[in-house]
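This report concerns only the one structure given below.
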Amino acid sequence: MFSIRACHFAILVSLLAILAVPALTRAESVCPYLWSRDLRLTSVGEDVLKLQQFLNASEETLIASAGVGSPGQESTIFGAKTKAAVAKFQEKYFNEILAPNGLTKGTGTVGPSTRATLNTLCILSPASASSADGTEASVNDALTVSDPGQPDTSLAPSSAGVLFHTFTLAAGSKDVLVSEVVLERTGFGSDGAFANFGLWDEDGLQVGPVAALNSQHRLVFRRSFTIPAGQERTFEVYANMNVDLSSYEGQMPVIQLLSLSASSPVEGQLPLRGTPQTVNNTLTVGGADATLSEYDPHGATTRYIDDTNVRFAGIRIAAHSQESLTFTSIIWTQAGTAGAGDIANVKTVVNGVEYPAIRSPYSEKEYVTLFDPGIVIEKGLSIDVYVKGDPLPGAANRTIKFDIRDINDEVGLDGNLYGFGVGLSPVGNTDVAGAESAFITSDGTTDGDTGSPFFSGSTITIRGATATGVGKM
């Protein structure tokens, strides 16, 4: 039976449907879109308009509910309201944006990590990569996955870094943004044998932070990167094995590439299976101890923009007695408020010898030094390693703080006898989270579980230049 209540209900449903259309239209009108530059307060451009429209598509990141900046009233100017909305977006995606860069609050600046997350959320998925008229995307635009040859089957000893998988990605006629790499643990093995995994490119650079297996036995790397048109890149996946493997002795797990999220269709045979590696709890590989270097600032301090060769952080690495080690690389993460352009001449110094520290293409906060040839640390001996640089005028009233984020992959150490990557353990100068010039553990002692970051550097506050200058370190 027709009733007034039913009529009112039908009208209400119709009104709700009409009101829902603008939000849907906004989301559809923005994506797919690719942000290609950093954006900050006073930036101007079409990409700012797209950013505002994207943020306004979600109540959680709404720029304004009415007036300037509200849905339908976006502009090409990056103002204070946009900055606040970007900060909310960064905090919403804390694990993808803030945590990898050592930050706890949104900055409101759209840097590489924020852009990568925006692009991940606003690109065409492989399943929907057809053109608007329904035709299939050109095969020439595809991202092709291929097998460059998997590592030989070998041992996976406790506390070792072991190569489990390799894969090659080739772009077609246009650049391809890869926003997610998913791998899976399969074969005869258990997740408990693994501490975490690292993804490395062919130049020896780590692609984002380490990843651990989830409840679905999968690893997900979400640090975006680009394969240039007509080029191919090869990647390696290393496992950091746990210390106690007695429950997993003899298992032969396999790591396979399961899927990719990219801005072009993905072609090639997936899953791409690696080779099994035999878990071993009896072989004792080398290792190294970490303590604070005499060249570390040993606590918060103040420096000035006309200072040069400022020492930011330092550790001492001592090789165990099982085997000599080769020091191949180190990644310093700048966790202070200074921007990427506020520090110059960043160098890693090892026993008095300077090596350039380049900014990683995967994060503007990471500075990487690759040692070629590697630096040999003989059994029982140690080296002092510290990072230094020159604060620029843009660093005034900001902070510089260099951390080592991860215990396994950010300090590259290889055993010279067995050839495995080896771990670094703090044997002094430990403290709980929040401390500086300290190795962070769960209880502040050397017996505690490793914290994040592995090494927390001192906060260096940068002030403007003085009339007479200050003494240089």
Worksheet item: Name the residues in region 438-473 that are modelled with pLDDT of 85 or more, touching a helix residue (DSSP H, G or I) at 6+ places or on another chain (Cβ under 9 Å) and assigned to a loop (DSSP other than H, G, I, E, B), would you?
Response: G464
Fill in: Among (1) closer than 30 Å to L62 by Cβ; (2) at pLDDT below 85 - the single one L118 does not satisfy
(2)
Practice prompt. Could you pull out the residue among T461, T399, T446 that is among the hydroxyl-bearing types (S, T, Y) and without any contact (Cβ under 8 Å) to a residue 24 or more places away in the chain?
Written response: T446
Worksheet item: In region 277-284, is there at least one residue being outside any loop (DSSP other than H, G, I, E, B), of a type in the set (V, I, T), under 29 Å from the mean Cα position of the chain (by Cα) and farther than 21 Å from G198 by Cα?
Response: no
Worksheet item: Given D406, D384, which one is of a type in the set (D, E, K, R) and over 25 Å from S224 (Cβ atoms)?
Response: D384
Worksheet item: Which of (1) under 24 Å from E436 (Cα atoms); (2) modelled with pLDDT of 95 or more does L381 not meet, given it meets every other one?
Response: (1)
Worksheet item: Tell me, which residue of region 344-378 that is of a type in the set (K, R) and either part of a loop (DSSP other than H, G, I, E, B) or modelled with pLDDT of 95 or more (or both) is surrounded by the most Cβ atoms within 10 Å (Cβ to Cβ)?
Response: K365
Worksheet item: Is at least one residue of region 426-443 within 19 Å of P157 (Cα to Cα) and either touching a residue at least 40 places away in the same chain (Cβ under 8 Å) or surrounded by 21 or more Cβ atoms within 10 Å (Cβ to Cβ) (or both)?
Response: no
Practice prompt. Answer yes or no: is there a residue in region 222-232 that is assigned to a loop (DSSP other than H, G, I, E, B), touching a strand residue (DSSP E or B) at 6+ places or on another chain (Cβ under 6 Å) and of a type in the set (D, E, K, R).
Written response: yes
Response to the item:
The residue that is surrounded by the most Cβ atoms within 10 Å (Cβ to Cβ), considering only those in region 331-343 that are in a strand (DSSP E or B) and within 18 Å of the chain's Cα centre (by Cα), is Q334
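Quick check, is Y248 of a type in the set (F, W, Y) and in the same structural domain as I377 (by TED's automatic domain parsing)?
no
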Worksheet item: Among the residues of region 43-88, which ones are basic (K, R) and either closer than 21 Å to L121 by Cα or not assigned by TED's automatic domain parsing to the domain that holds V30 (or both)?
Response: K50, K83, K88
Worksheet item: Within region 199-211, is there a residue that is over 18 Å from the mean Cα position of the chain (by Cα) and buried (at least 16 other Cβ atoms within 10 Å of the Cβ)?
Response: no
Fill in: Selection within region 315-331 - touching a Lys or Arg at 6+ places or on another chain (Cβ under 9 Å) and closer than 21 Å to E366 by Cα
I331
Worksheet item: Any residue in region 84-92 that is of a type outside the set (D, E, K, R) and modelled with pLDDT under 90?
Response: no
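The values are calculated or read from the model by the stated rules, or taken from the named source; none is laboratory data. Since the structure is predicted, the reported quantities are computational estimates derived from the model, not experimental observations. Every residue, glycine as well, gets a Cβ built from its backbone with ideal geometry; the counts of neighbours run over all protein chains shown.
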